[in-house]
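Shown next, in structure tokens, is the structure this report addresses.
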Amino acid sequence: MKQLSGNFYYREHANQDPRWMRGQLTITEDGYFGSFREDLTVQGDYFLPGFCDVHCHIGFVAVGQLATPQEALAQAEADRDCGILAIRDCGNLEYAPGILGNRALPPIIRCGRHIARPKRYMRLLPIEVENLNDLPQVMASQAEQSDGWVKIVADWIDRSNGADSDLDPLWPTKILKEGIAAAHQVGARVTAHAFSHKAIAGLLEAGIDCIEHGSGIDEDQAQECASRGIPVTPTLLQVELFDEFAAQAGKKYPIYAATMQKMWERRREHFVMLHDAGVQLLPGTDSGGYQPHGELGRELMLWERGGVSASEIIDFATWRVRDFLGIAAIELGARADYLRYSSDPTGDLMRALSPEKVALLGREFPSSTSVSRDNSLRISTKGAV
Ligand SMILES: [Zn+2]
């Protein structure tokens, strides 16, 4: 039995708000939190629950390019070393051996493969549903093969319209409703890739559980997300690229390019609007493909630039996202996964993003990432995949 002494962002049970408590916390032989004893005389380090990344594709080195098993392993290590101690993958192909169930890597909640229509998403990644009526059955089958989540692509450019092509929904609302119901039936939740405004109303009507990107959500919809407890993963690092997507679409798809450019120009005020509406924000890097692994800090710094306070970001990125995913934080009986600091990270995002150590099941690893105010980021060579 090991023992940690210091200041813990602790709660006795899930679904309570944690508070800073000083004392001693034991860790069992198999790596779980045992008993806590409050002791105000204790001096020591500070402990936060690990960060989560709810949108993290391990196994891709670039868009449509698969990682080797060694590269995939290095990606998972880079994620861990920047403090991401639990992942929801948000759509993936197969995992390289040694990643799932590895005690030295963040546990992964799998969402199965992306579900899209033919030619309506990135090559290679999705299951393509030819016949719309098959959607419920495809969603149910992905739900059965995943860890309680299904990922659908709700909108993408429809190139069949030539120069008039725009970012358009993939599914009629009726079929989407049946698909989501089929996933719910087998106990899974559903999240959706949605850049556009056009896709959101259908998703909300169909009973979606979570929205990825969400750059087209308007104010009324944001309020609906807040009141119904539908969180949004704003993936601000990804939205930062929308002007590039617009430029690439250029003259061939001017309407699509204009849609992307407009969202890029409004991206900062849009994020402020989401937050002001009270939407639960989920930390998601969209790493693998466009974004490198191990850079959650850069995403969260964009949140801070968007007016979210450091304390709120720390809550969103640790125990609040854990509650949403159903993963324990620092509490009795939970996996002993934590971030360790030599000084108090409260109210200081830079400090919170640079733990001295990260731990999984009580085993500590050095943190490889440090961030600075100018948004630059230093990553160990191990993490630079
Ligand atoms: Zn993604």
Next item on the list: Within the range 28-46, identify whether any single residue is in contact with a Gly (Cβ under 8 Å, 6 or more places away or on another chain), crowded, with 24+ Cβ neighbours inside 10 Å and within 28 Å of Pro234 (Cα to Cα), and answer yes or no.
Entry: no
Check: (1) at negative phi; (2) in the same structural domain as Gly214 (by TED's automatic domain parsing); (3) not aliphatic (A, V, I, L, M): which one isn't true of Arg320, the others all being true?
Finding: (2)
Note to self: Of all residues being more than 16 Å from the ligand (Cβ to nearest atom) and under 18 Å from His55 (Cβ atoms) in the range 276-290, which is surrounded by the fewest Cβ atoms within 10 Å (Cβ to Cβ)? Just the residue, please.
What the structure shows: Gln280
Check: Quick check: is even one residue across the range 268-275 crowded, with 16+ Cβ neighbours inside 10 Å and within 16 Å of the ligand (Cβ to nearest atom)?
Finding: no
Margin query: Can you tell me which condition Glu219 does not meet? The list is (1) crowded, with 17+ Cβ neighbours inside 10 Å; (2) more than 21 Å from the chain's Cα centre (by Cα), and all the others hold.
Written below: (1)
Checklist line | Pick from the range 289-348, criterion part of a loop (DSSP other than H, G, I, E, B) and of a type in the set (D, E, K, R), ranking: farthest from Ser146 (Cα to Cα) | finding: Asp344
Note to self: Can you report the number of residues in the range 89-99 which are acidic (Asp, Glu) and surrounded by fewer than 19 Cβ atoms within 10 Å (Cβ to Cβ)?
What the structure shows: 1
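Do we find that Met301 is buried (at least 22 other Cβ atoms within 10 Å of the Cβ) and either away from the ligand (no atom under 16 Å from the Cβ) or farther than 17 Å from Asp155 by Cβ (or both) in this structure? It would help to see each step written out before you state the result.
On the way: buried (at least 22 other Cβ atoms within 10 Å of the Cβ): yes; either away from the ligand (no atom under 16 Å from the Cβ) or farther than 17 Å from Asp155 by Cβ (or both): yes.
So Met301 passes the test.
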Margin query: Among the listed residues Ile84, Ile109, identify the single one that is within 16 Å of the ligand (Cβ to nearest atom) and either in the same structural domain as Glu29 (by TED's automatic domain parsing) or farther than 17 Å from Ala188 by Cβ (or both).
Written below: Ile84
Checklist line | Residue that is modelled with the lowest pLDDT, among those in the range 63-74 that are out of contact with any Gly (no Cβ under 7 Å at 6 or more places or on another chain) and within 16 Å of the ligand (Cβ to nearest atom) | finding: Gly64
Item checked: Enumeration of residues in the range 100-116 that are free of Cβ contacts under 8 Å to residues at least 60 places away in the same chain and either surrounded by fewer than 18 Cβ atoms within 10 Å (Cβ to Cβ) or among the small types (Gly, Ala, Ser) (or both) -> Leu100, Gly101, Asn102, Gly112, Ala116
Check: Would it be correct to say that Asp243 is more than 16 Å from the ligand (Cβ to nearest atom) and crowded, with 18+ Cβ neighbours inside 10 Å?
Finding: no
Item checked: Conditions (1) under 19 Å from Ala192 (Cβ atoms); (2) of a type outside the set (Gly, Ala, Ser); (3) within 16 Å of the ligand (Cβ to nearest atom); number of the one not met by His293 -> (1)
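Pick out, from the range 5-104, the strands (runs of 3 or more DSSP E) lying fully within it that include 3 or more residues that are more than 27 Å from Gly347 (Cα to Cα).
Numbers: elements: 19-27, 33-38, 45-49, 51-53, 60-62, 84-88.
Because the criterion is at least 3 residues that are more than 27 Å from Gly347 (Cα to Cα), the strands (runs of 3 or more DSSP E) in the range 5-104 that meet it are 60-62.
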Check: Just wondering, is there one or more residues in the range 133-145 that are surrounded by 16 or more Cβ atoms within 10 Å (Cβ to Cβ) and at pLDDT below 95?
Finding: no
Margin query: Could you list, ordered by first residue, the pairs with Cβ atoms under 9 Å in which the first is in the range 50-73 and touching a residue at least 12 places away in the same chain (Cβ under 8 Å) and the second is of a type in the set (Phe, Trp, Tyr) and within 11 Å of the ligand (Cβ to nearest atom), at least 6 apart or interchain?
Written below: Ala62/Tyr290; Val63/Tyr290; Leu66/Phe60; Ala67/Phe60; Ala72/Phe60
Check: Out of curiosity, is Gly306 over 21 Å from Gly50 (Cα atoms) and more than 14 Å from the ligand (Cβ to nearest atom)?
Finding: yes
Notebook entry, point to check: What are the pairs, 6+ residues apart or on separate chains, where a residue within the range 340-369 that is under 25 Å from Gly101 (Cα atoms) and among the small types (Gly, Ala, Ser) has its Cβ under 6 Å from a residue that is modelled with pLDDT of 95 or more and surrounded by 15 or more Cβ atoms within 10 Å (Cβ to Cβ)?
Noted result: Ala359/Tyr338; Gly362/Ile27; Gly362/Gly31; Gly362/Ala336; Ser367/Asp81; Ser367/Pro355; Ser367/Val358; Ser368/Asp81
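The values are calculated or read from the model by the stated rules, or taken from the named source; none is laboratory data. The model shown is predicted, which means the values in this text are computed figures rather than measured ones. FYI the Cβ positions are ideal-geometry reconstructions off the backbone, even for glycines, and counts take in every protein chain you see.
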